[in-house]
Structures are given as C-alpha cells and as structure tokens.
Amino acid sequence: MGQKPYVYITRKLPAKIIRNVESFANVGMWESKNRPVPRSILLEEAKKADGLFTMLSDPIDEQLYRIAPKLKVVANLAVGYDNIDIQGATNRGIAVCHTPDILTETTADLAFSLLLTVARRLGEAMDYVKEGKWNSWSPLLLAGTDVHHKTLGIVGMGKIGEAVARRALGFQMKVIYHNRNRKWDSEKQLSVEYRPFSTLIEEADYVLCLTPLTEETKHLFSYDVFKKMKKTAYFINAGRGQVVVEKDLIRALQDQEIAGAGLDVFEKEPIDGDHPLLKFPNVVALPHIGSASVETRMAMMERSVENIRRVLIGEKPISMVNE
Ligand code: DGY
C-alpha cells in the first residue's frame, strides 16, 4: 500500500473529526480554535498537502496554488467560497468543495432571528434588564416594530432564502424576492413574488440580503439603495459583508434613511470593537454565526472530511463547486 496522503486542517477541530481524517490520511492541524492560521504557515503546509480543510477566513489563491504541486482538494467549511480562487483551482485540476444544504435551515433560523431581534429591539431589551434599568412596566418601553403582516424582501433567493420565506409565511408576512434568475418553483410553492431589485427595496419593510459575494453583488448596497428604502424599513445581512458599502450604511443610519440594521457579516471580519456601526442602538451585530449550531457545524465538518476522502481516493465528492 502506498503512503497515506497528507491533509492540513486550518483550525483546531474536535477529536472525532480528526480521527475521521486520520482513518485515510496523515493529518496536520493549526492548533487554535479562534485564530486563523498565519499565512506563512498555511503556505508552508500547502507545499506538502494533498488536501486542505479550510475556513472562510483563509485566502486560497494563485500564490498558494503555485507552490502546492500535490494539492488535489480544498474543502471549505462553508457554503460560500469567495475566499477561494475557483478558476485557479480548476486550471490545476484541484477540486473545491463546500457544504451546501446541511446548513440551510440553521442559517435560515439565524437570519429570521436577526430580523426579529432588530424589529423587537431584543438586544436593547436584554441589556436593559441585565443593567438593572427596569423600574416599571411602561406603555412604550422598548416598543419595537411588528413583523407579522409586513413585507419581507429577500435579495438572493437560494435555498436559504426559500427556508427564510417559509418561516416568514408562518408569521403571515408577504414575501417578495429578487434573484438573478426567476425562481418559478418557489413562486408557485411558496407564494413568493418576484420584484426587480429597485422595486423590492422600495416596497419591503425588511430587506434581507442573502446573496453570495461575486463581482456582480460586491457593494450592491450603497447609499442610494438605502435612501430608496422606506425610512421605517430594516436592513438585514446574513450573506457576505462586502455586498454592502459599510460607510454608506453608517451614513444611512445617521441620516435616518432606514430604521435599523441586523448584521451577521461585515466588510472586514472580525469587526473592530470600536467600529462606528456598533455605536448605533438600532444595529444588532453578530459574529458571523449563521450556520453555528453544534449539530450543523459538526455535520459541515463531516461533509468536508467526506469530500476530501472521496477526492483522494479518486471518487466524486458530494459537494463540489468546480464540477
Ligand atoms: C457559509 O457557509 O458560507 C456561512 O457564511 C458560514 O456560516
């Protein structure tokens, strides 16, 4: 039997996952749960790796491919893969794998929670009680905005968008969407209605961004877009931070062009603790936890391991980006 392949994992993962990889490969791992692998170490490891198990914080690019002659597979622990140069991988016959489907419902739960949290001012309300400020019941104390019977506008109607739409329909919301391609099946099955982007942003009470980051979507949400939204509308982003011009969002919040924002993603992650966005009481900020339930993250890790295993034995992986 030949030598086992070498797989480098760019973040410390649970022992159970490591054991799975060890069943078919020699394993190297960056031993921190919370800090990304330094670029210099990633590049050193890539030189000898047959497979890389990566996080969305690891840029996988031409510089890396050039020095990684054995590399056959990059498995990203996310459905998004904007951190990876796909064309470069394809040119070299490297399979890029990701983790779609298994995170759909969990990410939809978070996106809808973010909407509810912003609308009903739950972040402010929790702080209020914990800080001992609650003296008496009062008619308009921390009164928020209704969600039920309002209009949700989903920008980027993939599987997560459809899963959010199902939740919204349970809240008797009207759901409109914008997507590159019309989703005729969703329109029929979920009674969601298509709108051009410019109409959606004017009509929605909640604009939920779920688009992947591409050349087309980068900086899609600029000041002009926020200005066209209703002054009572909220902007929710559970897609990618760079779809938004953050300084324009700040200006729109300052000018009260929109009522508030719920953000799970940012232009630069992690966001600095003193970032101006974090100063607004009507902004809820989360640390990119869309798919972060233990069940789902474990399933995503297992999917990544299986994708790597299959590529290394010459089989088709379960979820490959560059088929
Ligand atoms: C993804 O899978 O792309 C998410 O952003 C990670 O939570």
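The values are calculated or read from the model by the stated rules, or taken from the named source; none is laboratory data. Being a predicted model, the structure only gives us computed values, none of them experimental. So basically every Cβ, Gly included, is an ideal-geometry build from the backbone, and we count neighbours across all protein chains shown.
For the reader, a short list of remarks on this structure follows.
- Close pairs (9 angstrom Cβ cut-off, 6 or more residues apart or separate chains): in contact (Cβ under 8 Å) with a residue 24 or more places away in the chain in segment 33-61, surrounded by fewer than 14 Cβ atoms within 10 Å (Cβ to Cβ) and aliphatic (A, V, I, L, M) anywhere: 43/67; 46/67
- Enumeration of residues in segment 143-181 that are loosely packed, with under 14 Cβ neighbours inside 10 Å and either on the phi > 0 side of the Ramachandran plot or touching a Phe, Trp or Tyr at 6+ places or on another chain (Cβ under 6 Å) (or both): 148, 149, 172
- When 236, 160 are checked against the criterion of being farther than 21 Å from residue 282 by Cβ and of a type in the set (Val, Ile, Thr), 160 stands alone in meeting it.
- Every listed requirement among (1) modelled with pLDDT under 95; (2) within 21 Å of the chain's Cα centre (by Cα) is met by residue 37 save one, (1).
- Contact map, segment 176-197: first residue under 23 Å from residue 228 (Cβ atoms), second residue in a helix (DSSP H, G or I), Cβ cut-off under 6 Å, separation 6 or more or different chains; pairs are 176/200; 178/197; 178/200; 192/165; 192/186.
Yes/no matrix, rows are residues, columns are (1) among the aliphatic types (A, V, I, L, M); (2) not assigned by TED's automatic domain parsing to the domain that holds residue 160:
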| residue | (1), (2) |
| --- | --- |
| 217 | no, no |
| 230 | no, no |
| 252 | yes, no |
| 264 | no, no |
| 268 | no, no |
| 274 | no, no |
| 299 | yes, yes |
| 303 | no, yes |
| 307 | no, yes |
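Yes or no, residue by residue, for (1) of a type in the set (Phe, Trp, Tyr); (2) crowded, with 16+ Cβ neighbours inside 10 Å; (3) within 13 Å of the chain's Cα centre (by Cα); (4) at pLDDT 95 or above:
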{"residue": "94", "(1), (2), (3), (4)": "no, yes, no, yes"}
{"residue": "99", "(1), (2), (3), (4)": "no, yes, yes, yes"}
{"residue": "103", "(1), (2), (3), (4)": "no, yes, yes, yes"}
{"residue": "107", "(1), (2), (3), (4)": "no, yes, yes, yes"}
{"residue": "110", "(1), (2), (3), (4)": "no, yes, yes, yes"}
{"residue": "118", "(1), (2), (3), (4)": "no, yes, no, yes"}
{"residue": "127", "(1), (2), (3), (4)": "no, no, no, yes"}
{"residue": "131", "(1), (2), (3), (4)": "no, no, no, yes"}
{"residue": "134", "(1), (2), (3), (4)": "yes, no, no, yes"}
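- Total residues in segment 77-110, condition away from the ligand (no atom under 15 Å from the Cβ) and out of contact with any Phe, Trp or Tyr (no Cβ under 9 Å at 6 or more places or on another chain): 4
- Residue in segment 68-76 that is within 14 Å of the ligand (Cβ to nearest atom), assigned to a strand (DSSP E or B) and β-branched (Val, Ile, Thr) present: no
- Qualifying residue in segment 108-128 (condition: touching a strand residue (DSSP E or B) at 6+ places or on another chain (Cβ under 7 Å) and assigned to a loop (DSSP other than H, G, I, E, B)): no
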